[in-house]
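Written below as structure tokens is the structure these notes are about.
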Amino acid sequence: MEVRTILWPTDLSKNSIKAAKHVSSLAEKYQAKIILLYVGVDLLGMFPAYGKPSENQLEHFQSWELNQAKQHLESVCQKELKACPNIDVRVVQGDPAAEILKTITKAKVDLVVLTTHGRGHDELDQKSTEFGSVANKVMANSPVPIHLVNPYTK
């Protein structure tokens, strides 16, 4: 298997950052480019019960969130991926699984590194036998191999 491009989608949770050493090791082994992807919260999917925010409110929050995420991703690159000089940081808005799958296709990704649980399970006290919803959707629909990382193992 030839691996030229590795996609590492992260929600910036403690769980998802635990995949960094796997990403770094695989990128070094294959001399591969890393795409570090953050998918911003889909606010419109959250508001039906409360009413729709104004366009200005939505733009303001989305801009703030993506700027914060970009800064955090750049920090992750410096701290966790020092051995990988070829990193493309991307921030997008939408449904996480759909955006990950879209990036796989558009960027011609060869391998995805993904934790089994992300943001929704940061405070989970016990190991869960179920994968998170994003991991499940990506695994079920990915056209390329997925390297799963269990964030609960050392």
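Can you pull out the residues in the stretch 85-105 that are of a type in the set (V, I, T), surrounded by 15 or more Cβ atoms within 10 Å (Cβ to Cβ) and more than 14 Å from A140 (Cα to Cα)? Show your work before the answer.
If we filter the stretch 85-105 for residues that are of a type in the set (V, I, T), which is where we start, we get 87, 89, 91-92, 100, 103-105.
Filter again for surrounded by 15 or more Cβ atoms within 10 Å (Cβ to Cβ), leaving 87, 89, 91-92, 100, 103-104.
Listed by number, the residues that qualify are I87, V89, V91, V92, T103.
Looking at the stretch 136-143, is at least one residue basic (K, R) and modelled with pLDDT of 85 or more?
From the stretch 136-143, those basic (K, R) are 137; that's our starting set.
Within this subset, residues satisfying the condition of being modelled with pLDDT of 85 or more are 137.
Yes, the conditions are met somewhere in the stretch 136-143.
Take the residues of the stretch 60-84 that are in a helix (DSSP H, G or I) and of a type in the set (A, V, I, L, M, F, W, C): which is surrounded by the fewest Cβ atoms within 10 Å (Cβ to Cβ)?
Let us first name the residues in the stretch 60-84 that are in a helix (DSSP H, G or I), namely 60-80.
After this cut, where a residue has to be of a type in the set (A, V, I, L, M, F, W, C) as well, the list is 61, 64, 66, 69, 73, 76-77.
Details: F61: 14, W64: 11, L66: 17, A69: 20, L73: 20, V76: 21, C77: 17.
Ranking the candidates gives W64 first.
Quick one: in the stretch 106-129, of everything that is at pLDDT below 65 and charged (D, E, K, R), which residue is surrounded by the most Cβ atoms within 10 Å (Cβ to Cβ)?
Of all residues in the stretch 106-129, those at pLDDT below 65 come to 118-129.
Next, from what is left, pick out any that are charged (D, E, K, R): 119, 122-123, 125, 127.
Numbers: R119: 16, D122: 13, E123: 6, D125: 5, K127: 12.
Restricting to residues being at pLDDT below 65 and charged (D, E, K, R), the top hit is R119.
The values are calculated or read from the model by the stated rules, or taken from the named source; none is laboratory data. Everything numeric in this text was worked out from a predicted model, so none of it was measured. Note that each Cβ is placed from the backbone with ideal geometry, even for glycine, and that neighbours are counted across all protein chains shown.
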